[in-house]
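Heads up, the thing below is written out as structure tokens.
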Amino acid sequence: MHIYTCLKQQEFHFDKYQIVPIRFEDKLKILQWRNQQIYHLRQTEKITAREQELYFKKCILPIFEQRLPSQVLFSFLSEGECVGYGGLVRVNWSDRNAEISFLMNTDLERTNFLNYWTIFLKLIEKVAFVEMNLYKIYTYAYDIRPLLFEALKMSEYHQEARLKKHCLIDGIFKDILIHAKCKGQI
């Protein structure tokens, strides 16, 4: 298992769930989920297995050794099985904020979406506010996933902005919603 030099604690647990530094063994599952859910990601084209392999070698591997990495990614496990992945991306160390990223197994969205999202948020808050001493974490999401906004509300994230008709999805302009939580709110 790789470890982040920027974190003292590497694994975070809640009930039967945990997040661990992103495991290379999960990269093909992650590739599959990203390609299946491209509609709500900033990714514009499907990724090949070769591209995923190169990304893990060139972009993911180096962040483990960085004192102030631009992202900290985790495999999200349920009873030891990877059912999602995510972390903190676009980390701004000087302003002490980062964007939350989370993607779960496509086949489990219908039955576990709210549960997995709220548990992941609880775990990533420990990473952000305790381990990394960030002040604020936020989401940046297309206004096409109402369950996501319900999970954020349940987890006490507050909508800070709505960027009107900010992205083009299937020929229709959609809003972007930004939700956030600050350190003192946990």
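The values are calculated or read from the model by the stated rules, or taken from the named source; none is laboratory data. All values derive from a computational prediction rather than experimental measurement. Glycine also receives a Cβ, built like all others from the backbone with ideal geometry; neighbour counts cover every protein chain displayed. Accessible surface is based on the protein model in full, side chains and every heavy atom, while ligands, DNA and RNA are left aside. Shrake-Rupley method; radii C 1.70, N 1.55, O 1.52, S 1.80 Å.
Of note:
- Residue in region 12-34 that is outside any helix (DSSP H, G or I), more than 20 Å from Val83 (Cα to Cα), open to solvent by 50 Å² or more (accessible area, probe 1.4 Å) and not small (Gly, Ala, Ser) present: no
- Top-ranked residue in region 67-100 [being more than 17 Å from Tyr140 (Cα to Cα) and touching a Ser or Thr at 6+ places or on another chain (Cβ under 7 Å); ranked as least open to solvent (accessible area, probe 1.4 Å)]: Cys82
- First in region 83-94 and farther than 21 Å from Phe113 by Cβ, second anywhere and buried (at least 20 other Cβ atoms within 10 Å of the Cβ) and of a type in the set (Gly, Ala, Ser), Cβ under 8 Å, 6 or more apart: Arg90/Ala98; Val91/Ala98; Asn92/Ala98
- Filter result for the condition that a residue is modelled with pLDDT under 95, loosely packed, with under 13 Cβ neighbours inside 10 Å and polar (S, T, N, Q), over Thr48, Thr106: Thr48
- Single match in Glu99, Glu109, Glu53 (criterion: of a type outside the set (Val, Ile, Thr) and not in a helix (DSSP H, G or I)): Glu99
- Restricting Asp170, Asp143 to those that are open to solvent by 10 Å² or more (accessible area, probe 1.4 Å), at positive phi and among the charged types (D, E, K, R) reduces the list to Asp170.
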